[in-house]
Amino acid sequence: MVFWLWIVITVLAVPAIAWGLGLAVVYLYVRWKYMGFVTRIFQEKPLFVVPRGEPDPAADEVSVPAADGLALRGCYLRTAAPQRRGVILFGLEFGSNRWACRQYCQALVESGYDVFAMEPRNQGESERDPNYEPLQWVTDRDVSDMRAAVAYLKARPDADPRGIGLFGISKGGSTGVIVASTDPWVKCVATDGMYGTHTTMIPYMQRWIQIYSGKRLLQRALPSWFYGMIGGVGVKKVARNRGVVYPSVEKATGRLNRPLLMIHGDGDTYIKPDMARAIFDRASGVKKLWLVPKAKHNQALHVAGDEYNRAVVQFFDLHLGEVSESVVPV
């Protein structure tokens, strides 16, 4: 009986071992052959035009100290409404300046919200870190700088004791989700065009390998987790070379567990809707994904216009916008 049991186990185990060895060989081959293409994903800058706004003389100019002492420039827009409904931290997209918040947040200010936007290091007029080159992917520096912005809002004499809302565009939305996932003072999050690391990287890897390799059968046989494993090695390699850490937007979204509004362009060719859905599916709690028809990356506002503004204001009205009774003028 024991002999036959050993035979059965051996028959079942041999194919599994062979498959495992074959996959290991493919892993080493792909890593050797295509790792350069993977690292390119994390080192090439996007080609789209980044909007920049003009200064608002009615806004307060602010300087916020980063964790390592760098001076980060921000602007605080006060609502003219008789009573303030809440405070919103605005997360900028990669390369834009602090005044770019005005086009996205004007409806919020008119509806009774104060808005604060701050340029992270090496962006706009904030001080530069000579050992850091920002790219479109969220790093530990971006997260640290946004946490400094949250700390500033907490320390203001007119800080809202109920907490704040967060509204971020593209990279600013991704950074905001990471910050909000560990800070309960951020009560709700709205994003436009946010993206993750692996949920963006894996589809690009699958597309690029089709361009550079003719082995179609092998490509179809490889599971998504295999590409993720290769990509993870590439991310760590780039992180070491650049002296940064790439935090996981996907894991942060899974931890968020508070109201989330994700806006995304249905015509986005950079971060495709399927990539946005992959992140959205990880979120728990109250959540909504709005795919704006025909909108390209970060163009949902320009396509949807008033509908976009109404959706954002209504989201914060529902999850943040009670009139604050504990406001001390500054």
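The values are calculated or read from the model by the stated rules, or taken from the named source; none is laboratory data. This is a predicted model, so every value here is computed, not measured. No Cβ is skipped: glycine too gets one built from the backbone with ideal geometry, and neighbour counts run over all protein chains shown.
Table for the structure above
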| item | result |
| --- | --- |
| Options S96, S63: the member that is part of a strand (DSSP E or B) and of a type in the set (S, T, N, Q) | S63 |
| Subset tally (residues that are in contact with a Gly (Cβ under 9 Å, 6 or more places away or on another chain) and in contact (Cβ under 8 Å) with a residue 40 or more places away in the chain) for segment 258-294 | 14 |
| Pair list, Cβ < 7 Å and 6+ apart or interchain, from segment 301-315 residues that are farther than 12 Å from Q106 by Cβ to residues that are of a type in the set (V, I, T) | V303/V292; A304/V292 |
| Residue within segment 110-130 that is in the same structural domain as P65 (by TED's automatic domain parsing), in a helix (DSSP H, G or I) and either hydrophobic (A, V, I, L, M, F, W, C) or touching an Asp or Glu at 6+ places or on another chain (Cβ under 9 Å) (or both) present | no |
| Qualifying residue in segment 187-200 (condition: assigned by TED's automatic domain parsing to the domain that holds F116, farther than 18 Å from V245 by Cα, among the polar types (S, T, N, Q) and not in a strand (DSSP E or B)) | no |
| Only one of P51, P55 that is part of a loop (DSSP other than H, G, I, E, B) and farther than 17 Å from K171 by Cβ | P55 |
| Selection from segment 62-78 of residues that are among the β-branched types (V, I, T) and touching a Leu at 6+ places or on another chain (Cβ under 8 Å) | V64 |
| One residue from K237, K288, K296 being of a type in the set (K, R), modelled with pLDDT of 65 or more and over 30 Å from V186 (Cβ atoms) | K237 |
| Residue in segment 251-260 that is buried (at least 18 other Cβ atoms within 10 Å of the Cβ), modelled with pLDDT of 95 or more and touching a Cys at 6+ places or on another chain (Cβ under 6 Å) present | yes |
| Positions within segment 132-182 being within 18 Å of A67 (Cα to Cα) and assigned to a loop (DSSP other than H, G, I, E, B), in sequence order | Y132, E133, P134, V138, T139, R156, T182 |
| Helices (runs of 4 or more DSSP H) wholly inside segment 272-320 that include at least 2 residues being out of contact with any Ser or Thr (no Cβ under 7 Å at 6 or more places or on another chain) and among the small types (G, A, S) | 300-304 |
